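In what follows, a structure is listed as structure tokens, so that the remarks can point back to it.
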Amino acid sequence: MKLTDLYGPIKTELKKVEDILAERLGGKDRGVMSEINRYLLSAKGKRLRPALAILSARASSKRQSSVSIRPLVRLASALELTHMASLVHDDVIDKSDLRHNRPTINSKWGDDVSVAVGDYLYSEAFSLISDCGNPDIIACISPAIRAMCEGELIQVCERENLELLKHSYVVIVKKKTAALFAASCHAGSMLTSEDPCVRDSLRKYGLNFGIAFQMRDDCMDLIGEVRTLGKAPGADFKMGELTLPVLKLLSQKKDNGHIISLLKQTGDVRAFKKIRERFINSGALVKAREEISRYVDKAKNNLNVLAGSCFKENLLALADYVNDDLKSYDNSR
């Protein structure tokens, strides 16, 4: 099943999100800025954060007819712009040349332009958030963006730290990725539910979903291929970042001296391939999938408070989707 298949019940809202993004980024001709904006728009992402916000709002509502579409789609658009901004900055930090099977902004226009573009996207996101007219939404999203920045900074500072503990890794994941997922679900529910239990349950769903999603991404960066990733694998290895697959490999305490030696060879393709093979064949991949599954199960259990609906079912299905593409690499099956 494709990710977009799970967006069926909210396709009308997502179409409005695309319209808002086109309006904000398409606008009047502003030279190179318009060229870059068109380039950004033509790279269709997963739109996962907008989808989660809309599904959470719908799943929280007792009366679908009472859902106000305008603030919901503006919130969803702001979340996508925030995510886009973070990716543009990430590509500069990671020196990435490819994303969505296309050259990155920094590889086409340079780092200076990319940093400015990321800042511009953040400003558009903040403008849309303020348009929602709900101070609680601002209070929900702002800490998430701060956490994203903190997580990125910690990750950069911890590069090549072979003493990094699993706890520290999870802290980075929560801040860098899961915080915005949690805020997406939480803010969506704020627009349709006054029940603090419902709101908090969706916040927790987003948090656990986000942790599982980033752990899955970290595994795919090691074992995935360009055609499925849309970018070259091994970015974390090249930057000396210790993520879940490496931590699981080291936790087995099998020939760790040799593994650490390989990890230090960040520019060596052969070293990367050896780490990849060890992760797949040693049982570390199985342990990583088990870890991801625990967070997926937590996310699904967080939804128990919600009444039955197609929107709830799709939130459950999205959680299951996170772990699916790792199954084909699992040699234990």
Placed amide H near L98: partners under 5 Å, 5+ positions off or other chain: T104, A232
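If I take all pairs of Cα atoms in region 3-329, what percentage of them are more than 27 Å from each other?
Details: 23652 of 53301 pairs.
Pairs farther apart than 27 Å: 44 percent.
Taking a 30 Å limit on the Cα-Cα distance, which of the listed pairs K44/K238; K254/K300; K174/K273 fall beyond it?
Numbers: K44/K238 26 Å; K254/K300 34 Å; K174/K273 28 Å.
Pairs exceeding 30 Å: K254/K300.
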Where in region 233-295 are there trypsin sites (Lys or Arg not before Pro) that are in a DSSP coil and have at most 10 other Cβ atoms within 10 angstrom of their Cβ? K253
Can you tell me, using C-alpha contacts under 8 Å and at least 6 residues apart, the relative contact order of region 150-223 as a whole percent? 33
Using alpha-carbon pairs under 8 Å, 6+ residues apart, how would you state the relative contact order of the chain in percent? 20
Take the Cα of H100, step 7 Å along the line toward its Cβ, and report every residue of region 200-239 whose backbone nitrogen sits under 19 Å from that point. 226-233
What is the distance in Å between the Cα centroid of region 83-126 and that of region 1-73? 20
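Using only the Cα atoms of region 35-90, construct the convex hull and provide its projected area averaged over every direction, in square nanometres to one decimal.
Details: hull surface 17.9 nm².
Computing the convex hull of the Cα atoms and averaging its projections yields 4.5 nm².
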Which of the lysines could a cross-linker bridge to K62, judged by Cα under 16 Å and excluding same-chain residues fewer than eight apart? K312
When the label point is put 7 Å from the Cα of A22 along its Cα-to-beta-carbon vector, which residues of region 98-120 have a backbone N closer than 16 Å? none
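Counting only GluC sites (Glu not before Pro) that are in a DSSP loop and have at most 15 other C-beta atoms within 10 Å, tell me the longest site-free stretch of the chain.
Details: sites that count: E160, E163, E194, E225.
After excluding every exposed loop site, the longest remaining stretch is 1-159.
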Between R146 and V115, what is the label-to-label distance in nm when each label sits 7 Å out along the Cα-to-Cβ direction? 2.3
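In deg cm²/dmol, rounded to 500, what helix-only [θ] at 222 nm does the chain give when every DSSP H run of at least 4 residues adds -39500 (n - 2.57) and the total is split over its residues? Write down the numbers at each step before the final one.
Working: 17 runs with 233 residues, N = 333.
Estimated from H runs of four or more residues: -22500 deg cm²/dmol.
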Give me the distance between the Cα centres of region 204-276 and region 301-322, rounded to whole Å. 29
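Since every read-out is calculated from the coordinates, none of them should be taken as a lab result. These numbers come from a predicted model, not from an experiment. We place every Cβ from the backbone using ideal geometry, glycine too, and count neighbours over all the protein chains shown.
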